[in-house]
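The structure appears right after this line, and notes come after that.
The values are calculated or read from the model by the stated rules, or taken from the named source; none is laboratory data. If you're wondering where the values come from, they're calculated on a predicted model, not measured in any experiment. So basically every Cβ, Gly included, is an ideal-geometry build from the backbone, and we count neighbours across all protein chains shown.
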Amino acid sequence: MSIRNLLGQTSEWLRGTGPNADIVMSSRIRLARNLDALAFSHWASKRQEREVLTRSEAAFAASKILKGSILIHMNDISDLDKQFLLERHLVSREQIVRPEFKAVAISDREMISIMVNEEDHLRSQVMQSGFALQEGWRIANQLDNELSVTLPFAFDPHWGYLTACPTNTGTGMRASVMLHLPALVMTKQVNRVIQAITKLGMVVRGLYGEGTDAEGNLFQVSNQITLGQSEPETIDHIERIIRQIIGHEENARKQLIKQNRELLYDKIWRALGVLKNAYIITSKETIHHLSMVRLGADLGVLPEFGRKDVNELFILTQPAHLQRMDGKLLSQSERDIKRALLIRQKLGGN
């Protein structure tokens, strides 16, 4: 498998399956780890960064869980491919700058990706479709145990795993879910819900994490505390909060159908009409309309569209993916035209 093959497959987190997949698009477990006796990435010398990469490569090659994975050196790929990996949620923004001695290991189904020499020496993540934090943690823990056999991690009996940012010290784990909350947005309840869960130690971000807005009614919710709680306790805490959010969104959807059915259906069908007939469309407009089409599919208003197909369009219509598919760099106006053409083809438009 190579980076070229990624474009032709469906990422694990986009499959549209799993518990509560109509509201929870994906679940992610991320672990921050550093190698013992080596400076953290931001303070490491070039020699130390090279050592981290070399030792990590050997550990990945020996891993049973990572069998069939690919290792991509960030210094060896174009800026377009870096953006492509970012759009697929396989790397972070931090990973695509200063690419020397940085790499990412990606499993065959994109369920697992491990960044090397990001903010921490290793940032492992496991992505699952639907509300599946427990399964994500099972896989992440198994991977962590396997890597720790050959990679001694920096650990203190009192503080736990030592990380570059103090907010990750302890378990080093961030558990997060990607939620699709169009009904809470339409009924103007979402801000109240966000304020409530923020007080409970949660962080709310957009589709691409820190520093991004919640476009397309997509909200990423994750834990803020990693110290003083075990991993199962953290997951249990966030699961209880997410179940409440799911309940609020379900009630808001029922409320819309009961009290404003015509308005709701109009928004869904208008969104589909724009997507199936537009010849020029921006990324932001696309995400907004895809959100309504996804809601329509989940409510049975648009039964001809599968959740997986709509999920994939959220990513395939991003700038780097469009250019990757076209095989060349495109201007913004060219991308807007290509995006509209792709959507019409996928949705059976004119």
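Summary table
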| item | result |
| --- | --- |
| The one condition in (1) free of Cβ contacts under 8 Å to residues at least 40 places away in the same chain; (2) in a helix (DSSP H, G or I) that Gln134 fails to fulfil | (1) |
| Test result for Val24, surrounded by 19 or more Cβ atoms within 10 Å (Cβ to Cβ) and farther than 27 Å from Leu184 by Cβ | no |
| Any pair with Cβ under 8 angstrom, 6 or more apart, that starts in segment 319-337 at a residue that is assigned by TED's automatic domain parsing to the domain that holds Lys284 and within 14 Å of Thr286 (Cα to Cα) and ends at one that is exposed (fewer than 12 other Cβ atoms within 10 Å of the Cβ) and among the hydroxyl-bearing types (Ser, Thr, Tyr) | Ile337/Tyr279 |
| Flag if Gln142 is assigned by TED's automatic domain parsing to the domain that holds Arg240, over 18 Å from Leu71 (Cα atoms) and not in a loop (DSSP other than H, G, I, E, B) | yes |
| Neighbours by Cβ (under 6 Å, 6+ apart or cross-chain): first from segment 180-205, assigned by TED's automatic domain parsing to the domain that holds Asn223 and part of a helix (DSSP H, G or I); second crowded, with 18+ Cβ neighbours inside 10 Å and charged (D, E, K, R) | Ala183/Glu249; Ala183/Arg253; Leu184/Glu249 |
| Qualifying residues in segment 313-350 (those that are acidic (Asp, Glu) and surrounded by fewer than 19 Cβ atoms within 10 Å (Cβ to Cβ)) - the one nearest to Tyr279 (Cα to Cα) | Glu334 |
| Residue within segment 256-271 that is within 30 Å of Ser331 (Cβ to Cβ) and in contact with a helix residue (DSSP H, G or I) (Cβ under 9 Å, 6 or more places away or on another chain) present | yes |
| Selected residue (only one of Ala39, Ala32 is assigned by TED's automatic domain parsing to the domain that holds Arg174 and surrounded by fewer than 18 Cβ atoms within 10 Å (Cβ to Cβ)) | Ala39 |
| Candidates Arg109, Arg98, Arg55 - the one that is of a type outside the set (Phe, Trp, Tyr), assigned by TED's automatic domain parsing to the domain that holds Tyr161, free of Cβ contacts under 8 Å to residues at least 40 places away in the same chain and surrounded by fewer than 23 Cβ atoms within 10 Å (Cβ to Cβ) | Arg98 |
| Sole residue being under 29 Å from Thr167 (Cα atoms) and modelled with pLDDT of 95 or more, chosen from Gln229, Gln244, Gln323 | Gln244 |
| Any hit, segment 275-292, residues being assigned by TED's automatic domain parsing to the domain that holds Leu162, under 21 Å from the mean Cα position of the chain (by Cα) and in a helix (DSSP H, G or I) | no |
| Hey, Ile72 of a type in the set (A, V, I, L, M), touching a residue at least 40 places away in the same chain (Cβ under 8 Å) and either within 30 Å of Arg243 (Cα to Cα) or surrounded by fewer than 18 Cβ atoms within 10 Å (Cβ to Cβ) (or both) or not | no |
| Per-region count, segment 26-52, residues closer than 27 Å to Asn223 by Cβ, assigned to a helix (DSSP H, G or I) and in contact (Cβ under 8 Å) with a residue 60 or more places away in the chain | 3 |
